[in-house]
1. Going through segment 43-69 one residue at a time, which ones are modelled with pLDDT of 85 or more and polar (S, T, N, Q)?
2. Can you work out which of the residues in segment 55-74 that are surrounded by 13 or more Cβ atoms within 10 Å (Cβ to Cβ) and small (G, A, S) is farthest from E89 (Cα to Cα)?
3. Condition check: in a helix (DSSP H, G or I), more than 24 Å from E89 (Cβ to Cβ) and within 30 Å of the chain's Cα centre (by Cα). Does L52 satisfy that?
4. Can you give me the number of residues within segment 1-46 that are over 30 Å from Q195 (Cβ atoms), open to solvent by less than 50 Å² (accessible area, probe 1.4 Å) and in contact (Cβ under 8 Å) with a residue 60 or more places away in the chain?
5. Do you know which of the residues in segment 47-58 that are among the acidic types (D, E) and in contact (Cβ under 8 Å) with a residue 12 or more places away in the chain is farthest from A139 (Cα to Cα)?
6. Going through segment 79-104 one residue at a time, which ones are farther than 22 Å from G143 by Cα, assigned to a loop (DSSP other than H, G, I, E, B) and either modelled with pLDDT of 90 or more or not acidic (D, E) (or both)?
7. From the set of residues in segment 84-106 that are in contact (Cβ under 8 Å) with a residue 40 or more places away in the chain, crowded, with 16+ Cβ neighbours inside 10 Å and touching a Phe, Trp or Tyr at 6+ places or on another chain (Cβ under 9 Å), which is nearest to G160 (Cα to Cα)?
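The values are calculated or read from the model by the stated rules, or taken from the named source; none is laboratory data. Just so it is clear, the structure is predicted and the values come from calculations on it, not from any experiment. So basically every Cβ, Gly included, is an ideal-geometry build from the backbone, and we count neighbours across all protein chains shown. Accessible surface areas use protein heavy atoms only, side chains included; no ligands, DNA or RNA. Shrake-Rupley method; radii C 1.70, N 1.55, O 1.52, S 1.80 Å.
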Amino acid sequence: MELRSPYFRNLFIPYVILLGTGIVGLGLFAARLLREACLEDTQAALQDQARLVEALVEKDLRDGTGGALGPRLRSYETAIRCRITIVDEAGRVLGDSEADPALMDNHRGRPEITAAAAQGDGYHVRRSETVGVEMMYWATRFGGAAGPPLHYVRLAVPLGRLDERLQTLRAALVPASAVALLLGGLVCFLFARRQANAIVDLTRLAEAIARGDLQRR
């Protein structure tokens, strides 16, 4: 076994580099897919929770008593673990579970509200100007016609919570990638050793024939 031969190194090292690059690339791709899947699951959950909040506040909005929603929204936030904001058609904040609506800017220009106004639902990820952390926002349009005045229910969750879930999933990928790299490296080692030994044997045979030793096979 000619492990020190240049033939072995020239075969084994490129194989290992190619294998490692492939595994790392596959791991990054899998992590990206996991993040996208988590984002989609979170969006679906926020959409369902927005409908639930709407059912709970619809009567207040219909009766025009939405200005006293603050305490109730805070209790709902504790239950669903999402920040809740109720916005009227003009963008004025009617209620929020974490801030005083009177101190909040007009929300009509928020990307998720703009999208909800056009499509019924809106989604955006950005840093919150009110609480100062990166948030995922989901807004759904409700009301109009015979129901309460047109308004938006907006929910937000900190992305730090999502990143914690993703970190757990990524941690599970690390040992799996290490095992794959170890097994793949062993296969590369055996293959490179076999090929290198064959090349070394052929080289020695050619050198023996060149010296006149015609008995070698």
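1. Q43, Q47, Q49
2. G70
3. no
4. Summing the residues that are over 30 Å from Q195 (Cβ atoms), open to solvent by less than 50 Å² (accessible area, probe 1.4 Å) and in contact (Cβ under 8 Å) with a residue 60 or more places away in the chain in segment 1-46 gives 7.
5. The residue in question is E58.
6. R81, A99, M104, listed by residue number.
7. Ranking the qualifying residues of segment 84-106, first place goes to I84.
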